[in-house]
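Asks: Before anything else, here's the structure in question.
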Amino acid sequence: MTIFEEHTRPHGYADLPGLMALMTGDEKHGPAATSTLDVLWVLYDRVLRVGPERMDDPGRDRFLLSKGHGPMAYYAVLAAKGFLPVDWLPGFGSYDSPLGHHPDRLLVPGAEIGSGSLGHGLPIAVGTALGLRAQGLDEPRVWTLIGDAELDEGSNHEAIAFAGPAGLERLHTVVVDNSSASHARPGGIAARFEAAGWSALTVDGRDHEALYAAFTAPHPGRPHMVVARVEPKNA
Amino acid sequence: MDTMRDRFAPVVTRLLDEDPRVAVVLAEIGRDGFAEALRRHPDRVVNVGIREQLLVGAAAGMALTGLRPVVHTFASFLVERPFEQLKLDLGHQGAGAVLVSAAASFDWPAGGYTHMAPGDVALLDTLDGWAVHVPGHPDEAEALLRHAVAAGDDKVYVRLSVQSNARALPVDGERFRTVREGRSGVVVAVGPVLDAVLHATEGLDVTVLYATTVRPFDTAGLRRATAAAGTDVVLVEPYLAGTSTAAANDALADVPHRVLGLGVGRAELRRYGRVEEHVAAHGLDARSLRERIGGFLAVDGVVPAGA
């Protein structure tokens, strides 16, 4: 574990822009690059029962980043939480780096899935919840993060429509809504989950207390989803 | 005789009883066979409805938690429709599963082209690390299903068919089996085409190898056979013609050789009817095979009665 001792010092939320800058070369990041940042921070800092030392623990919570585009915020949070060494960040996207522009679970410590092609995380999360339940592992919660435009992919709707009636209570989805879908209706995201029997909440995706409250709201017998609204991508 | 698919649910139900890692994932098709298994193992028999992307994605998620998912539907909806899920949710994630298909080439001719997937093995060939079993008899299907489920976390495809040879042969899940030895060429018969190939090559001086596991391709077995029978090779496959031609070429890359790939044609027939009519239309009946194999190898022989 020397690698973590060398590279890990306690990092806080305020360190994230600096960690991202190691990848982007710029301290200032637009809304698109940081759309997931607050959601990821609140999950890893306060909600998920995971850690670098627990990655082989069958009882750990699972976080599946489905929206694999723009993973700088994800890598920054993983580095801040000690899953991967900070000195990996400057190599972002280079041939020898484990950190690609889409994450690969076989290369990134802490990544439960590799993603990039949209619409794969939620179906895999459904299977993860089923697999844990089948083994009597009732404690671990399964989370997946998708984007509002990613929701266009039909594979998500196969998973949404199955998980509600199947009563997958340990399954959680957070949809980061930066209004990037070309065809959308107000309230349409939560409505589609609710129609399938999910518990659904919509909150300000920059408000940490609101996010925490929504993430931890009880939802007996039903899967739970949170719409985290952030600044429009093209505003 | 019962079919390979008749054996599928009973065999996998026993495996569910024996091994707590085993899970079954279905998309409506085939669910009736698992009614009793569902009662006994409600959390390990999952029917996701008519949702084939979820079928494979959910199986991958289950595999990531340590289970050994057995995934079943018709080949069109198991390999073609959710192909990216096979590539990414299993392959790219480093997860394994046993895919068990039915009705791949033309098992239900009256169902038409929407329910045919003769390109299934060729498609899997674009991906790394898949084992492909093509049993030729229900007994072989049973053995290969057990072999596939027991194969750790490997990615395994088992191709069940209503077409069958009259008798089962021993299968080991790896190697080709020599069923006839000659000196003027090697004919590799894959799964259910063996009886037709044996009939077609009666009296011809050729070696016949029987293949029920085609990936990995038994390179050593083919090379051994060509040492005595020469390097003229005919592949007879019950799926897209030429699917294994590259594998045979690679096996013989360092020696002069010729390969003829026979199998299901690429062109859509737009015909319904019966299995035997499609076998003949694709030139896979004994008489057509004898003509094509004999012509390629330029071997003389007595035409068997009734061929």
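Asks: Go through (1) outside any loop (DSSP other than H, G, I, E, B); (2) surrounded by fewer than 24 Cβ atoms within 10 Å (Cβ to Cβ); (3) hydrophobic (A, V, I, L, M, F, W, C) for A:M20 and report which single condition fails.
Replies: (2)
Residue-by-condition table, conditions (1) of a type in the set (V, I, T); (2) in contact with a Lys or Arg (Cβ under 7 Å, 6 or more places away or on another chain); (3) surrounded by fewer than 24 Cβ atoms within 10 Å (Cβ to Cβ); (4) not assigned by TED's automatic domain parsing to the domain that holds B:G33:
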{"site": "B:P69", "(1), (2), (3), (4)": "no, no, no, no"}
{"site": "B:S76", "(1), (2), (3), (4)": "no, no, yes, no"}
{"site": "B:E84", "(1), (2), (3), (4)": "no, no, yes, no"}
{"site": "B:D89", "(1), (2), (3), (4)": "no, no, no, no"}
{"site": "B:A97", "(1), (2), (3), (4)": "no, yes, no, no"}
{"site": "B:F106", "(1), (2), (3), (4)": "no, no, no, no"}
{"site": "B:L123", "(1), (2), (3), (4)": "no, no, yes, no"}
{"site": "B:T126", "(1), (2), (3), (4)": "yes, no, yes, no"}
{"site": "B:G129", "(1), (2), (3), (4)": "no, yes, yes, no"}
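Asks: (1) part of a helix (DSSP H, G or I); (2) crowded, with 18+ Cβ neighbours inside 10 Å: which one isn't true of A:Y212, the others all being true?
Replies: In the conditions (1) part of a helix (DSSP H, G or I); (2) crowded, with 18+ Cβ neighbours inside 10 Å, A:Y212 misses (2) alone.
Asks: Would it be correct to say that B:L90 is under 26 Å from B:D125 (Cα atoms) and touching a helix residue (DSSP H, G or I) at 6+ places or on another chain (Cβ under 7 Å)? Before the answer, list the steps.
Replies: Working: under 26 Å from B:D125 (Cα atoms): yes; touching a helix residue (DSSP H, G or I) at 6+ places or on another chain (Cβ under 7 Å): yes.
When the stated conditions are applied, B:L90 passes them.
Asks: Then there is this: How about region A:154-178: which of its residues are exposed (fewer than 15 other Cβ atoms within 10 Å of the Cβ) and more than 26 Å from A:R49 (Cβ to Cβ)?
Replies: A:G154, A:P165
Asks: Looking at region B:177-200, which of its residues are of a type in the set (V, I, T) and over 28 Å from B:A103 (Cβ atoms)?
Replies: Let us first name the residues in region B:177-200 that are of a type in the set (V, I, T), namely B:178-179, B:186-188, B:190, B:193, B:197.
The answer is B:T178, B:V186.
Asks: Quick one: in region A:132-145, of everything that is more than 7 Å from every other protein chain (Cβ to nearest Cβ) and out of contact with any strand residue (DSSP E or B) (no Cβ under 8 Å at 6 or more places or on another chain), which residue is farthest from B:V25 (Cα to Cα)? Full working, then the answer.
Replies: Initial filter on region A:132-145 (more than 7 Å from every other protein chain (Cβ to nearest Cβ)): A:136-145.
Filter once more, keeping what is out of contact with any strand residue (DSSP E or B) (no Cβ under 8 Å at 6 or more places or on another chain): A:136-139.
Values: A:G136: 18, A:L137: 19, A:D138: 20, A:E139: 23 Å.
So, considering only residues that are more than 7 Å from every other protein chain (Cβ to nearest Cβ) and out of contact with any strand residue (DSSP E or B) (no Cβ under 8 Å at 6 or more places or on another chain), the one farthest from B:V25 (Cα to Cα) is A:E139.
Asks: Any residue at all in region B:54-69 that's closer than 19 Å to B:A141 by Cβ and touching a residue at least 40 places away in the same chain (Cβ under 8 Å)? Explain how you work it out, then say what you get.
Replies: Going through region B:54-69, the residues closer than 19 Å to B:A141 by Cβ turn out to be B:68-69.
Filter again for touching a residue at least 40 places away in the same chain (Cβ under 8 Å), leaving B:68-69.
Yes; the residues of region B:54-69 include at least one that is closer than 19 Å to B:A141 by Cβ and touching a residue at least 40 places away in the same chain (Cβ under 8 Å).
Asks: Sort through B:A248, B:A225 and tell me the only one that's under 19 Å from the mean Cα position of the chain (by Cα), assigned to a helix (DSSP H, G or I) and closer than 30 Å to B:R146 by Cβ.
Replies: B:A248
Asks: A follow-up question, please. Checking A:A134 against (1) buried (at least 18 other Cβ atoms within 10 Å of the Cβ); (2) in contact (Cβ under 8 Å) with a residue 12 or more places away in the chain; (3) closer than 19 Å to B:L55 by Cα, which single condition isn't satisfied?
Replies: Answer for A:A134: the failing condition is (2).
Asks: Next question, about the same structure. Considering only residues that are assigned to a helix (DSSP H, G or I) and either at positive phi or touching an Asp or Glu at 6+ places or on another chain (Cβ under 7 Å) (or both), which ones fall in region A:157-205?
Replies: Our first condition is that a residue be assigned to a helix (DSSP H, G or I); within region A:157-205, this holds for A:157-166, A:188-195.
Result: A:I189, single match.
Asks: Now for a different question. Among what's in region A:90-108 and is over 15 Å from the mean Cα position of the chain (by Cα) and surrounded by 16 or more Cβ atoms within 10 Å (Cβ to Cβ), pick the residue that is farthest from A:V176 (Cα to Cα). Steps first, please.
Replies: Quick first cut of region A:90-108, residues over 15 Å from the mean Cα position of the chain (by Cα) only: A:90-101, A:106-107.
With surrounded by 16 or more Cβ atoms within 10 Å (Cβ to Cβ) added as a condition, the list becomes A:92, A:98-100.
Numbers: A:F92: 23, A:P98: 25, A:L99: 22, A:G100: 21 Å.
Only one residue fits best here, namely A:P98.
Asks: Evaluate region B:131-144: report whether one residue or more is more than 17 Å from B:P10 (Cβ to Cβ) and surrounded by fewer than 24 Cβ atoms within 10 Å (Cβ to Cβ).
Replies: Kept after step one, since they are more than 17 Å from B:P10 (Cβ to Cβ), are these residues of region B:131-144: B:131-134, B:136.
Right, trim to surrounded by fewer than 24 Cβ atoms within 10 Å (Cβ to Cβ) and you get B:131.
Among the residues of region B:131-144, at least one is more than 17 Å from B:P10 (Cβ to Cβ) and surrounded by fewer than 24 Cβ atoms within 10 Å (Cβ to Cβ), which makes the answer yes.
Asks: If you go through region A:146-153 one residue at a time, do you hit one that is under 19 Å from B:L88 (Cβ atoms), within 10 Å of chain B (Cβ to nearest Cβ), touching a residue at least 12 places away in the same chain (Cβ under 8 Å) and surrounded by fewer than 22 Cβ atoms within 10 Å (Cβ to Cβ)?
Replies: yes
Asks: Across region A:66-111, what is the total count of residues that are hydrophobic (A, V, I, L, M, F, W, C), part of a loop (DSSP other than H, G, I, E, B) and away from every other protein chain (no Cβ under 12 Å)? Write out each step before concluding.
Replies: Looking only at region A:66-111, we keep the residues that are hydrophobic (A, V, I, L, M, F, W, C), and these are A:72-73, A:76-80, A:83-84, A:86, A:88-89, A:92, A:99, A:106-108, A:111.
Then keep just the ones that are part of a loop (DSSP other than H, G, I, E, B); that gives A:83-84, A:92, A:99, A:106-108, A:111.
Adding the requirement that they be away from every other protein chain (no Cβ under 12 Å) leaves A:83-84, A:92, A:99, A:108.
Of the residues in that region, 5 qualify.
Asks: From the residues in region A:112-131 that are more than 13 Å from A:W143 (Cβ to Cβ) and hydrophobic (A, V, I, L, M, F, W, C), which one is farthest from the other protein chains (Cβ to nearest Cβ)?
Replies: Initial filter on region A:112-131 (more than 13 Å from A:W143 (Cβ to Cβ)): A:114-120, A:123, A:127, A:130-131.
Filter again for hydrophobic (A, V, I, L, M, F, W, C), leaving A:118, A:130.
On the way: A:L118: 11, A:L130: 6 Å.
Restricting to residues being more than 13 Å from A:W143 (Cβ to Cβ) and hydrophobic (A, V, I, L, M, F, W, C), the top hit is A:L118.
Asks: Restricting to region B:108-119, count the residues that are surrounded by 21 or more Cβ atoms within 10 Å (Cβ to Cβ) and either under 19 Å from A:L65 (Cβ atoms) or out of contact with any helix residue (DSSP H, G or I) (no Cβ under 6 Å at 6 or more places or on another chain) (or both).
Replies: 2
Asks: Kindly provide the set of residues from region A:64-89 that are buried (at least 19 other Cβ atoms within 10 Å of the Cβ) and closer than 22 Å to A:K233 by Cα, ordered by number.
Replies: Here is the first cut: in region A:64-89, the residues buried (at least 19 other Cβ atoms within 10 Å of the Cβ) are A:64-68, A:71-84, A:86, A:88-89.
Selection gives A:L65, A:S66, A:K67, A:G68, A:P71, A:M72, A:A73, A:Y74, A:Y75, A:A76, A:V77.
Asks: Please pick out the residue among B:H92, B:H147 that is under 17 Å from the mean Cα position of the chain (by Cα) and either of a type in the set (A, V, I, L, M) or at pLDDT 95 or above (or both).
Replies: After ruling out the rest, the residue left standing is B:H147.
Asks: Kindly provide the set of residues from region A:53-107 that are under 14 Å from A:P17 (Cα atoms) and among the charged types (D, E, K, R), ordered by number.
Replies: The answer is none; no residue qualifies.
The values are calculated or read from the model by the stated rules, or taken from the named source; none is laboratory data. Nothing here was measured: the structure is a model prediction, and the numbers come from that model. Because the Cβ atoms are built from the backbone with ideal geometry, glycine has one as well, and the counts that use them run over all protein chains shown.
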